Each structure stands twice: as structure tokens, then as C-alpha cells.
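Right, one structure below, let's go through it.
The values are calculated or read from the model by the stated rules, or taken from the named source; none is laboratory data. In this text, all values refer to a predicted model and were calculated from it rather than measured experimentally. No Cβ is skipped: glycine too gets one built from the backbone with ideal geometry, and neighbour counts run over all protein chains shown.
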Amino acid sequence: MKRLRAMVAGSSCDAANELYDEVARAGLVVMNVGGRLLVRPRRRLTPELAERIRAHRDELLELLRPPELPQGLRTERWPGPELLAGLPAEVAELAGPRSGWTPLSWAGRLRRLAERCEGLHPGRADALRRAAHVIERMNNG
């Protein structure tokens, strides 16, 4: 599927496709997160492979770019500025749009983070839960 998108886009991504396959065979995952390439797990990344990834950065970012959906097909929404304005700054910042995330996947991530930090940082956990609630309320009525 990734190859098809690159070919349809008309870009010369043969090297990026081959590199993407090589990275996968090495047990690594490469992701486009907000226009940045992330490779995990980093401990498995060899210097040679890291250099090749850097050399083909733009092609890999294009290959891994999430497809744009037409406006009418988008079902999840981020809270708008009018809703965020009435929230504490910390909660509003957490509930705002995130590149590379859908609103409900980000809300789930916030809830998991809240569970993990509850014991050490109860105030932060509460802010994370409140931000998740705002996002979920926007999308679940």
C-alpha cells in the first residue's frame, strides 16, 4: 500500500520503498510523526542505516504521510478554540490538535498516561484525564 501511494504520487521513491522494506526486515519501525522521522527501537539502528535514512528523509516522509481525507469524511474533531478558552491552560494545551494523532487515539493516550503517573503526579494525571474527557465529549456527543 505504501508503495502504491508513492507511485501514484508520481515521485521517484524506489529507493525509499526499498529502504522502508530493509528497515522492516531489520526489525525496526519508521514513522512520520508531525513531519519528523522516528525510528524504533533506536538501539537496533546501525550507523550505516541511520545515514541512509537521513539521506532519504524527504522521500520517507512523503511515503509515510497519512492520506488526507475529504472534509465530509472526517468523523473525529479536535476541540475548537472556543471550548479550549474556558479550560485551565495545562488542560487546553493537552486537548489541542496533535499532528500524527486522531482526536480519539490521542484521548486514549492521555488516559493511559494518566494511569501511569497517578501515583507520583496526581495533579498532572487529573489534567490528562480532563483533556481526554474534553476530546471524547467533542466526538461522542
Exercise for review: Output the residue which, of all residues in the stretch 97-123 that are surrounded by fewer than 16 Cβ atoms within 10 Å (Cβ to Cβ) and small (Gly, Ala, Ser), is nearest to ARG65 (Cα to Cα).
Suggested key: GLY100
Check your understanding: Does the stretch 94-113 contain any residue that is in contact with a Pro (Cβ under 9 Å, 6 or more places away or on another chain) and among the charged types (D, E, K, R)?
Key -> no
Exercise for review: Determine whether GLY35 is at pLDDT below 85 and in contact with a Leu (Cβ under 9 Å, 6 or more places away or on another chain).
Suggested key: yes
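Per-residue answers, yes or no, for (1) in contact with a strand residue (DSSP E or B) (Cβ under 9 Å, 6 or more places away or on another chain); (2) exposed (fewer than 11 other Cβ atoms within 10 Å of the Cβ); (3) not hydroxyl-bearing (Ser, Thr, Tyr):
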| position | (1), (2), (3) |
| --- | --- |
| GLU18 | no, no, yes |
| ALA24 | yes, no, yes |
| LEU28 | yes, no, yes |
| VAL39 | yes, no, yes |
| THR46 | no, yes, no |
| GLU51 | no, yes, yes |
| ARG54 | yes, yes, yes |
Point to revise | Filtered residues of the stretch 96-109 (kept if of a type in the set (Lys, Arg) and in a loop (DSSP other than H, G, I, E, B)) | key: ARG98
Check your understanding: Could you say whether any residue in the stretch 72-82 is assigned to a loop (DSSP other than H, G, I, E, B), surrounded by fewer than 17 Cβ atoms within 10 Å (Cβ to Cβ), modelled with pLDDT under 90 and of a type in the set (Asp, Glu)?
Key -> yes
Review point. So which pairs qualify, if the first residue must be in the stretch 106-122 and touching a residue at least 40 places away in the same chain (Cβ under 8 Å), the second must be surrounded by 14 or more Cβ atoms within 10 Å (Cβ to Cβ) and assigned to a loop (DSSP other than H, G, I, E, B), the Cβ gap must be under 9 Å, and the two must be at least 6 apart or on different chains?
Key: none
Practice item. Quick one: in the stretch 41-56, of everything that is more than 10 Å from VAL23 (Cα to Cα) and outside any helix (DSSP H, G or I), which residue is farthest from the chain's Cα centre (by Cα)? Key: THR46
Revision key, fill the gap. The correct count of residues that are over 11 Å from LEU128 (Cβ atoms), in contact with a helix residue (DSSP H, G or I) (Cβ under 7 Å, 6 or more places away or on another chain) and aliphatic (A, V, I, L, M) in the stretch 88-117 is 2
Practice item. Looking only at the stretch 87-95, decide whether some residue is surrounded by 13 or more Cβ atoms within 10 Å (Cβ to Cβ) and part of a loop (DSSP other than H, G, I, E, B). Key: yes
